[in-house]
Each structure stands twice: as structure tokens, then as C-alpha cells.
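This report refers to the structure that appears directly beneath it.
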Amino acid sequence: MKARFALAVAITLVTAATAFAQRDPERGARAVSWVAYAICGTACLAISGGIFWYFLAQFLHEHERGRRRAPLDEIPDEPKKMKAIFRGEKVPDWQTASRHKATKAILKFLAYTDNWFEKKYLTDVADEAFRLVKEETERRSVQALEKRVTAACLEDLRTEVKSLRKERELHVFGRVRVTDVDVLHVEAPAGKENHTFTALISAESRDFFEDDETGDLLRGEKKLYAYQEFYTFRRTEKRWVVELIRPSVDVDAVLEAKNVLAPIDLEEFAKDADPEMLKEVVAR
């Protein structure tokens, strides 16, 4: 900035001296000489100022370097994501591998003519229903579930909610995150009202009980848990609704029941299906 100012001053002086010399050559020569002296003086001041600011900047930099800085081990780490602790029985992948493969192929076959069996749609249905059940249980309410579950399932959930109110307890789940949905059983015989599917839902959330007045911990621990549950859905005129909720230990019962297709559908499916897949489905 200072150098630009000095240059501007020099140009102004030269321009003025030149104009003056054109009008009065003798006195103009002396003016040019004075301009030369002025330019040299301005240049010296600019250089001196630059040197001064340079050394001042170096001094401040060295002073800053001399200040004590916090060692790396004193710098706080970024918050670490809490790792979920698995609760209950985890269903091993090897146990469901053949059923998973067969059911996936059946869903793809059914979805060609019926988009209610599209895998993504079923996954979204299971995800939403699972989280809604947990949220309403924590709120000790079943109002939002009345159109999302069967009458029998609603009664089971209402009984659980009444028990919590009677004992003045809150069953706390907090933020529920569904990590996986694996459809392991499908029934699609004749008649859409007979259609069902069962999914193994893997999720993470809290799971403890506290006093609804004092907030004191009654049972469990305030940790993040990973767990699995089986949800069975039944088809209605408007949507899939939850029919049955079972723990992961019921995996043998779920796998014991074969997938079901209408006879005409099984005949068509069998044309391209792997023989191993046909072991996982029956006609009805």
C-alpha cells in the first residue's frame, strides 16, 4: 500500500514538473531537479518503511512462536460415537442364508405383478412400524397404532401400556434406528387377505425403565443396545399391518414354516428357480 502511494506521488510530481518546464524552460529545469530529489526522498522513505514493517512482523512472529501451546495430548478429541452393546440372541447369518436367498427370489417374482411385494416397500413398512411401536410404548399410548396393527396385536400392546401406567413407569427407548430388515417368510396364497410376510428387524436404541415422576432409574442401564425382533405383517385393503411381534429366539419357529405360494404361482416360479430354493416354498 505504501509503495503504491509513493509511486502515485512520484508520477504526480513528474507530471507537474513537465508541465511547468514547457511554460518556463529555465525555471522548469530547476523544478525537475527538485522533483528528482523529491522522488529519491520518497523512495528512501518507502524502502525504510518497508524494512521497518518487515522486521516488526518478524519480531511478532518470533514472539508468537515463544508462547506456550497446548500439547497434542491436551487437545480434546472429537466426540466418539457410542458403540451399541448387543442384547438378546443374535440370529447368525449362516442360519438364515438359504431362506433369505429363496425369499428374496420369491419377492422378486411376486413383485412383477404385485408391487405390494417390492422389497424396498416391505423394508420401509417394517422400518416405520417398528419405530412407531417403540415410540408409542415409550409414550404409554396406542392411539397412533390403531390402524397400523391387528386387533389382537393392539390388545397386547394396550395391556403393556396399562401395566406401565399402573406401575408409574416409563419404558425408555430414545432415538430408535433400524439398521437392517431381512424378510425371511412370505405367504401369498390365493386371496390377498391371506398374504403375510415376516421380517427380522435389527435395530439400535436405549432400553431401560425409569420412574415417571422422579426420573430415577428403576431397571436396566442407560446404554445403547443393538437387538433383533421378528415382526409379522398381514395385508389389509389399505396397508400392511403388524400382526405378531416375537423375539429373535423364535428364529427356529420362523424358519420351520415354509414360504407359501398359490399352486399356479409356484408352478410358474419353479420354471426358473434354483432347485435349492424350491425346498423353501410350498403350494397352498
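How do the peptides 155-164, 189-198 rank, highest first, by the average count of neighbouring beta carbon atoms within 10 Å per residue? Before the final figure, lay out each step's value.
Values: 155-164: 14.1, 189-198: 16.3.
Going by the mean number of other Cβ atoms within 10 Å, highest first, we get 189-198, 155-164.
Of 119/238; 119/223; 119/222, which pairs sit farther than 25 Å apart, going by alpha carbon to alpha carbon? Long pairs (Cα-Cα over 25 Å): 119/223; 119/222. On a full-extension model of 0.36 nm per residue, what is the gain between residue 165 and residue 213, subtracting their alpha-carbon distance, rounded to one decimal in nm? Fully extending the segment from residue 165 to residue 213 adds 16.1 nm.
Indicate the gyration tensor shape class of the stretch 162-207 (rounded, prolate or oblate), computed on the Cα atoms with a ≥ b ≥ c the square roots of the eigenvalues: a/c under 1.5 is rounded; otherwise a/b larger than b/c is prolate and the rest oblate.
Details: a/c = 5.19, a/b = 1.79, b/c = 2.90.
It comes out oblate by the Cα gyration axes.
Diffusion of the stretch 172-284 by Stokes-Einstein, at 37 °C in a medium of 0.692 mPa s and with Rh set to the Kirkwood radius over alpha-carbon pairs, works out to 198 µm²/s. Here the label points at residue 111 and residue 237, each 7 Å from Cα along the C-beta direction, are separated by 2.8 nm in the simple model.
The separation of the stretch 192-240 from the stretch 104-176, counted between C-alpha centres, amounts to 7 Å.
Output the peptides 143-149, 230-236 sorted from most to least packed, where packing is the average of other Cβ atoms within 10 Å over each peptide's residues. Don't skip to the end; give the middle numbers.
Working: 143-149: 15.1, 230-236: 19.9.
Top to bottom by mean Cβ count within 10 Å: 230-236, 143-149.
Read the figures in this text as sums done on the coordinates, not as results from a lab. Since the structure is predicted, the reported quantities are computational estimates derived from the model, not experimental observations. So basically every Cβ, Gly included, is an ideal-geometry build from the backbone, and we count neighbours across all protein chains shown.
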